[in-house]
């Protein structure tokens with residue numbers, strides 16, 4: 001629905017025009033005024049889509065009305081149509097058009113022309129309103145895009161500088177156009193601004209690095225991903241880096257600049273070297289690593305280190321293909337004990353445990369092994385697998401058995417010897433008291449064990465030879481024997497021979 005202001009000082013003219021226009025345009029809302037001043041007052045609160053005004057109005061003329069309206073709303077278009085008398089001169093029309101009128105109608109106005117001109121002016125107003133709205137929307141969009149662009153640029157700069165990975169933009173000749181602080185710090189500079197004054201080709205790459213080959217590849221492929229090389233820091237130290245780069249080209253395909261990312265992988269390379277050394281140890285060292293799946297009776301193996309073949313004769317494939325379970329390799333006399341121990345350790349929620357048992361090699365011989373097992377649990381705390389570090393201790397067990405045999409023999413000699421034998425620790429405290437000493441002194445082992453030897457020795461000195469410093473003198477003598485390791489026969493009271501071993 002459109003609004004129209006109709007201004008004329010003759011009531012019959014207002015009534016006639018209103019009847020003509022509402023008859024042809026029923027949706028048109030018409031407000032009539034008898035003076036320009038009244039219309040201007042209403043214009044303060046209501047802005048119509050079209051104004052039809054007589055030129056010869058009392059007080060303010062139609063021309064003056066046009067000029068006043070244009071001065072009040074210079075940024076908006078409000079169509080103005082002036083209606084003049086029969087004797088309108090050309091200069092009067094020029095005056096009206098210069099004042100801001102779009103059209104002149106001459107009285108008496110033909111009803112058809114009046115309706116047609118009003119329709120045309122309203123369509124023009126509608127189109128101009130649409131254009132104005134589109135312009136306003138476009139201007140808002142442009143302003144918002146400008147704001148978004150500034151925000152995006154700011155966010156880009158914040159992101160660019162906050163990334164822990166080094167980033168740069170350079171010319172093909174190596175001149176740094178853009179860099180972030182991460183790259184600057186990686187190369188030993190205080191800030192990106194300091195790095196911008198450098199050329200990447202000037203001492204950044206280690207001497208053996210062919211940067212020209214990098215550029216040729218970038219020219220051909222447009223992109224390089226994950227290239228590892230050695231770069232030099234500001235202080236001359238070298239670091240390993242992983243570089244990815246993209247070529248930015250002009251419309252002719254020539255490279256304008258290079259965008260790149262740089263990661264310091266020095267520590268990663270060290271870890272990789274350490275892992276390779278560990279793998280080498282597993283391949284050739286004495287310890288075999290197994291990983292067993294939990295919950296299956298045969299104790300299936302889903303990982304075993306390659307050195308299993310050189311130590312026990314089995315290939316890795318025999319285990320991983322499921323042809324060989326770990327349980328069948330354990331000595332039959334040890335299996336039940338091993339299973340019970342594992343169940344008990346798991347029940348105790350132990351993260352790891354140690355076991356010893358016998359393991360059969362491919363030739364059928366059994367080896368004593370020490371098994372350090374780590375328990376692997378899932379997020380619910382259930383045991384998912386075990387990782388065992390198996391070491392052959394057969395030789396150690398044989399030595400241990402030989403030592404046990406010798407210990408038995410020594411114990412037999414100790415118990416059966418008629419001579420008195422005393423064993424003390426480094427501090428002179430008695431730990432062993434032979435049967436011979438019991439016979440000589442009349443003191444049982446339980447009476448003397450854990451007591452200083454000089455205290456027992458002093459008991460057997462005749463009363464007339466005793467003195468307050470006797471025990472101290474005996475102690476010093478015996479301590480000298482213990483410290484030097486030299487065998488001495490000490491018999492201050494000539495009561496019994498005393499030997500320290």
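For the reader, a short list of remarks on this structure follows.
- Just one residue in the set 29, 19 is without any contact (Cβ under 8 Å) to a residue 24 or more places away in the chain and either in the same structural domain as residue 97 (by TED's automatic domain parsing) or under 17 Å from residue 116 (Cβ atoms) (or both); that residue is 19.
- The residues of the range 185-208 that are surrounded by 15 or more Cβ atoms within 10 Å (Cβ to Cβ) and touching a strand residue (DSSP E or B) at 6+ places or on another chain (Cβ under 8 Å), listed by number, are 186, 187, 192, 195, 196, 198, 200, 204, 205.
- Residue check for residue 83: crowded, with 16+ Cβ neighbours inside 10 Å, closer than 20 Å to residue 102 by Cβ and either modelled with pLDDT of 90 or more or under 60 Å from the mean Cα position of the chain (by Cα) (or both): no
- Out of 298, 315, sole residue that is within 21 Å of residue 369 (Cα to Cα), at pLDDT below 90 and surrounded by fewer than 18 Cβ atoms within 10 Å (Cβ to Cβ): 298
- Candidate set from the range 161-199 (those that are in contact with a helix residue (DSSP H, G or I) (Cβ under 9 Å, 6 or more places away or on another chain) and at pLDDT below 80); member that is nearest to residue 256 (Cα to Cα): 161
- Filter pass, residue 433 being in contact with a helix residue (DSSP H, G or I) (Cβ under 6 Å, 6 or more places away or on another chain), surrounded by 15 or more Cβ atoms within 10 Å (Cβ to Cβ), modelled with pLDDT under 80 and assigned by TED's automatic domain parsing to the domain that holds residue 474: no
- With respect to (1) farther than 24 Å from residue 347 by Cβ; (2) touching a strand residue (DSSP E or B) at 6+ places or on another chain (Cβ under 9 Å); (3) modelled with pLDDT of 90 or more, the lone exception for residue 307 is condition (3).
- Selection count, the range 29-48, where residues are surrounded by fewer than 20 Cβ atoms within 10 Å (Cβ to Cβ) and assigned to a loop (DSSP other than H, G, I, E, B): 6
- When 213, 220 are checked against the criterion of being part of a helix (DSSP H, G or I), assigned by TED's automatic domain parsing to the domain that holds residue 254 and modelled with pLDDT of 90 or more, 220 stands alone in meeting it.
- Test for residue 415: is it modelled with pLDDT of 80 or more, surrounded by 11 or more Cβ atoms within 10 Å (Cβ to Cβ) and assigned to a helix (DSSP H, G or I): no
- The condition (being assigned to a helix (DSSP H, G or I) and at pLDDT 90 or above) is satisfied by just one residue among 98, 113, 12, 91: 12.
The values are calculated or read from the model by the stated rules, or taken from the named source; none is laboratory data. Please read these numbers as outputs of a predicted model, since none were measured by experiment. Backbone-built Cβ (ideal geometry, glycine too); neighbour counts: all protein chains shown.
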